[in-house]
1. Scan (1) closer than 28 Å to Gln103 by Cβ; (2) modelled with pLDDT under 90 for the single condition Ala131 breaks and write down its number.
2. Filter segment 66-94 down to the residues that are outside any loop (DSSP other than H, G, I, E, B) and among the charged types (D, E, K, R), then identify the one that is surrounded by the fewest Cβ atoms within 10 Å (Cβ to Cβ).
3. Between a residue in segment 27-56 that is within 12 Å of Ala83 (Cβ to Cβ) and any residue that is open to solvent by 70 Å² or more (accessible area, probe 1.4 Å) and at pLDDT below 90, which pairs come within a Cβ distance under 6 Å, given they are 6 or more apart or on different chains?
4. So which residues in segment 32-65 are over 26 Å from Pro98 (Cβ atoms), assigned to a loop (DSSP other than H, G, I, E, B) and either in contact with a strand residue (DSSP E or B) (Cβ under 7 Å, 6 or more places away or on another chain) or at pLDDT 85 or above (or both), if there are any at all?
5. For the structure I just gave you, tell me whether Ser154 is over 30 Å from Asn34 (Cα atoms), of a type in the set (Ser, Thr, Tyr), surrounded by 11 or more Cβ atoms within 10 Å (Cβ to Cβ) and in contact (Cβ under 8 Å) with a residue 24 or more places away in the chain.
Amino acid sequence: PLFEEAVVPLFKDERRNGSGLMKAMIGVAREQFNGKVPSDEALLHLLQSLPTPFPKEVTESILTPSLVTLPAPIRESLTNLLAEPTYNALSNNKLNIPSLLLQSLDVTQQIPKLIDEVQEGARDFVPTPDAMSAAARRAYRCRRTLLLQFENDSLDDSESLEGYLKEAESVMKMKRPMITIDLQRKVLAGNHLTPLLGPSG
């Protein structure tokens, strides 16, 4: 009920939920992080995605490909004087900043996809947790399994999953008694976002 009342209304309007704008911004950023001046198509998409008081049809009729086009000499100058030198300067160090920025985009681009799914009616994980647990009990046959649990993760269900996998082990041993299963669960410092943040230090 809370999800339906508080979250869904924010995302159900495709023109206002920000998904299209985020996709357009990610597209422009991806070209910049690759040392390129954004293409005319990417710039047009970004401008058409900006919020306006006008209907989408009016915006698209004003912002046409012929209007949003960088002349070749300007594009070449921006590439030679700005985009490529900046990219090379940022790449020629231990951190390789463009690569790090591109990796951050790979994570960021999941957000508009999630918004689209909510806007299209998604209200739960697919497959559902119940379906996953049933499948684990019925069909999991891996001989060695390591479950990693984060100590400050309120969404973690490693303990429940461990129980399901032990049930699967019992089923498997009834069919093949000589099989040995190595199932371990380790608790690490961190929270639900720790895998996305990468190693510290």
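1. Condition not satisfied by Ala131: (1).
2. Here is the first cut: in segment 66-94, the residues outside any loop (DSSP other than H, G, I, E, B) are 72-91.
Still in the running and among the charged types (D, E, K, R): 75-76, 84.
On the way: Arg75: 17, Glu76: 12, Glu84: 14.
It comes out as Glu76.
3. That search, which allows pairs on different chains as well, returns Gly35/Glu84; Gly35/Tyr87.
4. Leu63, Thr64, Pro65
5. Numbers: over 30 Å from Asn34 (Cα atoms): yes; of a type in the set (Ser, Thr, Tyr): yes; surrounded by 11 or more Cβ atoms within 10 Å (Cβ to Cβ): no; in contact (Cβ under 8 Å) with a residue 24 or more places away in the chain: yes.
No; evaluated as a whole, the condition is false for this residue.
The values are calculated or read from the model by the stated rules, or taken from the named source; none is laboratory data. Remember, it's a predicted structure, so these values are computed and weren't measured experimentally. Neighbour counts are summed over all protein chains in view; Cβ atoms, including those assigned to glycine, are modelled from backbone coordinates with ideal geometry. The protein model used for the area step is the full one, side chains on, heavy atoms only, and it has no ligands, DNA or RNA in it. Shrake-Rupley method; radii C 1.70, N 1.55, O 1.52, S 1.80 Å.
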